[in-house]
Structure formats: C-alpha cells, structure tokens
Amino acid sequence: MKINKFSFNKLKFVNSIYWIFLTYMIAAFIWWYVSLEKQNSEIANIKFQSISLNDPALYAKVKSIEAFELRKSKQYIGEGLTFLFLFLWGAIYVYRSLLKQLKYSNQQQNFMMAVTHELKTPIAVSQLNIETLLKRDLDHAQQKKLIENTLKETKRLDTLCNNILLASQLDMGKYESEKQVIDMADIAQQAIVSFKERYPDRLITSEFKDYVFIQGEPLLIQLLLNNLLDNAHKYSNISQPISLRVYSNALSHILEVADQGEGIPENERDKVFEKFYRRGEESTRTTKGTGLGLFLCKKIADFHDATIKISDQVPTGSVFTITFPIR
C-alpha cells in the first residue's frame, strides 16, 4: 500500500500504540498465570502442613493434594491458552481492520484531491473562456473555438458528476433499471464515435461481429465502454492504437478493450477495481482521474451478471475482457 507522509505518520502512531497495548496485555496475561500458579502452590503447601505425620491416611491425602494441584495447573493452562488464542485472534482482527481503514481513508483522501482537481480544471477553463469572450472582440472562428472548448469542459464536468452519482447508486444497490435487448456492436460503435469526439488524434481499431445481443441497460454499457476506452487512452502512448472487439463464442458474448501501455502488474489487477483505488499518490500523479472509472466498470459488469478480467497484451499493455453469459 502506498501512503503519503501524513498517512505514514498516522500509521506509525497507530502501530506504536497497538504494539504497546499488545505487549502490556501479554505481560498482564503472564503475570496472571504466574500469580495463579503461585497461589495454587501456596494452597497446596497449606494443605500439606495441615496433615499430621501420624495420620494413617497420610499417603492418600498427599496424593489427593498433589492431584488437586496438578488439576488446577492444567485448568489454568487450558483457560490461559484459550484466552490467549482468543486475545491474539481479536488483536489480529483489530489490527487488520485498522490497516484496512487507514488504507480506505488514504484512498478517500486521494479521491478528494482528484475530484477537487477534476472539478476545478473545467470550471477554471470555462470561466477563463467566458471572460475572454466578454472582454475581447474576437472573430467568429475564435469565438467558436472558445465556445466549443467550454462545452467540452462542461461535458467533462457532467461526466464526472454522473460517475460519482452512479457509483454511489450501484455501490448501495439502489440503481433501478429495466433491462432490454441491446446490440452490443451498436453500443460499441457509439462509444467509438464519442471517443473520437473527445480524442480526435487517437487511433482506435475495432472488430464487431453481427448479432451480438444481450439483456442490458444501454446507458450502463455505454458508460462501461467509455470508461474502459478512457482508461486505455490515459495509460498508453498516444501514438499506439487502442483496440475494441465485440464477439461471441458458444457460451458468452464478449467485449474486449486492449491498449499497448505499460500494463498492470498481476498483484494489482484486483485492486484497480476497488473504489477510489489509483496507483501512486495524487500529489505526484500525472494522469487524470478519480479512482471511480474501473470501480464503475466492475459494478456495471456485476449488474449484468458479467465478469471482467485483466490480462497481458503482447508485447506490452493490458486487455480488459468483459464476458456476458448467453441466456
């Protein structure tokens, strides 16, 4: 887990408190056991001293006291080990929960930094464009360019707000929609048109098979493809093409988005679908985003009873494969 300096100091403090508390509790447990054993031994000695040497049942009484002392020792050991096991189990559970909470808190902090940046940028650009239009006497071509740029930024802002809202609805299971029969090839073609409007200089190749129909929500499938294509654009070189395929086999319909970027390490392929998760720190990151794009993709896939997985692209890059079962 990568954490910033503040989170590192907080984690260090929590670690220190945790280990001090754990050491104290184990020391208290050891003291409790030693005290009980000492008390058990003292009780046995008192019983031994109370026996007369002339007592005809001396041997039997001594054996009885020794048996009682041994039985109590076993009882303390059994109770102690049970308590120690439960205590250590609880301590490990609490420690892992704390680490998980700190990780989630750090991801939320990164998310807030990213959202702040993502919100401020289109607002600032739009404000600057409008102020320029008001203050300067521009020709028609310049005005059109500024207006188009402003519209582009407002669309970006609208997309971000929709992503945040939809992520919340899907995460809480409150998104309601009636699924319908949709043509995945048609949705994919619309996604390509939308992508080229956003990134006109980026090359994208496509391969569609006919009659690829699923029961689904068109808006969600469109958003799924938009997020995957945007992700491929962000994490690969602009000179390298992005590939989009739609095809079927005997058991399923498949969407596939491939890029030729740096790829995703195998140990992070599940993490990238977590809410707010982004590789690296927000303060040093160069790529835009909020950590919701791939989280939404996973939720949308789940909503359609589909699976999404990441594999390596040859020679470099990643392949995102979404598999919809044929019903």
Worksheet entry | Failed item, numbered, when D230 is tested on (1) out of contact with any helix residue (DSSP H, G or I) (no Cβ under 7 Å at 6 or more places or on another chain); (2) assigned to a helix (DSSP H, G or I); (3) not aliphatic (A, V, I, L, M) | (1)
Worksheet item: Yes or no: I204 buried (at least 17 other Cβ atoms within 10 Å of the Cβ) and closer than 20 Å to A301 by Cα?
Response: no
Fill in: Residues satisfying the stated conditions in the range 135-171, i.e. small (G, A, S) and closer than 11 Å to L296 by Cβ
A167, S168
Worksheet item: Within the range 292-302, can one find any residue that is in a loop (DSSP other than H, G, I, E, B) and either surrounded by fewer than 19 Cβ atoms within 10 Å (Cβ to Cβ) or modelled with pLDDT of 85 or more (or both)?
Response: no
Worksheet item: Take the residues of the range 47-94 that are of a type in the set (D, E) and more than 30 Å from Y18 (Cα to Cα): which is surrounded by the most Cβ atoms within 10 Å (Cβ to Cβ)?
Response: E69
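Here is a list: I147, I192, I130, I182. Which entry is modelled with pLDDT of 85 or more and not in a helix (DSSP H, G or I)? Quick ask: steps written out before the conclusion?
On the way: I147 fails: not in a helix (DSSP H, G or I); I192 fails: not in a helix (DSSP H, G or I); I130 fails: not in a helix (DSSP H, G or I).
Among I147, I192, I130, I182, only I182 is modelled with pLDDT of 85 or more and not in a helix (DSSP H, G or I).
Are any of the residues in the range 140-149 assigned by TED's automatic domain parsing to the domain that holds L296, more than 29 Å from the chain's Cα centre (by Cα), without any contact (Cβ under 8 Å) to a residue 24 or more places away in the chain and surrounded by 13 or more Cβ atoms within 10 Å (Cβ to Cβ)?
For the range 140-149, residues assigned by TED's automatic domain parsing to the domain that holds L296, more than 29 Å from the chain's Cα centre (by Cα), without any contact (Cβ under 8 Å) to a residue 24 or more places away in the chain and surrounded by 13 or more Cβ atoms within 10 Å (Cβ to Cβ): absent.
The values are calculated or read from the model by the stated rules, or taken from the named source; none is laboratory data. No experiment lies behind these values; they were computed from the predicted model shown. FYI the Cβ positions are ideal-geometry reconstructions off the backbone, even for glycines, and counts take in every protein chain you see.
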